[in-house]
């Protein structure tokens, strides 16, 4: 059983929801990213999403896009991200890690080499923002052979036909984008989220995490009543930017918000 499946199974048994925080790997330095991962675990993270830095993060809003820019400017590569996960695995073998990013770095690395290295490093899942399921066969084959879950985005505009297609290829969990637009944008409509979750579950028998627009404990609690997981990115990444010159304050601020959100949904 994969770490991701094991995590969701245990939480469901205890009638709890998963807290999935996102940070961009290498933003403010790889050492800080490692410390942030440890801080997130201490403060309730069940799964950690690590953003793989990319020069054109088209699906991301200003806060996360700038975190990509900073990491790219510092020369952080996909190999660096894999090395970061491997370092994390030296002391943590239970918290699931999902790499979230764009296709280009993976294509440059090579599907087979990437899947093998990701597995060796301790990666549990991969979410490729700009890869539609129709083009995912070759990468899925490599990920399947290395026991890595292939996670996909679902939007409010995703058709029933597309949901049926995703049901055949997705594993681990699916990531419901609660808003039309980019990360960090808009006002969360909980009623609309609930309607969409019901529709998704008609076609996909996997846990559903909800992200985009969840900024604090209150919104997390509201979404957590129906979602299987709450995904938070921009609010955490904003602290990494704000306190990039003060690691202690960065970790304190990220840890406090993570603890508040985790406490609200468990």
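Read-outs throughout are calculated quantities, based only on the coordinates presented, and are distinct from any laboratory measurement. Keep in mind the model is a prediction, meaning the values are calculated, not measured.
Quick notes on this one:
- Cα centroids of segment 42-113 and segment 198-249: 17 Å apart.
- The per residue volume of the convex hull around the alpha-carbon atoms of the chain is 110 Å³.
- Per residue convex hull volume, Cα atoms of segment 1-127, in Å³: 106 Å³
- Each helix, a run of at least 4 DSSP H residues, gives -39500 (n - 2.57); summed and divided by the residues of the chain, these come to -15000 deg cm²/dmol at 222 nm.
- Among 115, 59, 229, the residue with the largest mean-square fluctuation in a Gaussian network model of the chain, with springs joining Cα atoms closer than 10 Å, is 59.
- Largest mean-square fluctuation among 151, 106, 23, in a Gaussian network model of the chain whose springs join Cα atoms under 10 Å apart, belongs to 106.
- For segment 130-263, average projected area of the Cα convex hull in nm²: 9.3 nm²
- Spherically averaged projected area of segment 1-64 from its Cα convex hull (nm²): 5.6 nm²
- Fully extended contour minus Cα-Cα distance, from residue 203 to residue 31, at 0.36 nm per residue: 57.8 nm
- Gaussian network model of the chain, Cα within-10 Å springs - most flexible of 152, 176, 109: 109
- Relative contact order (%) - segment 3-265, alpha-carbon pairs under 8 angstrom, separation at least six: 23 percent
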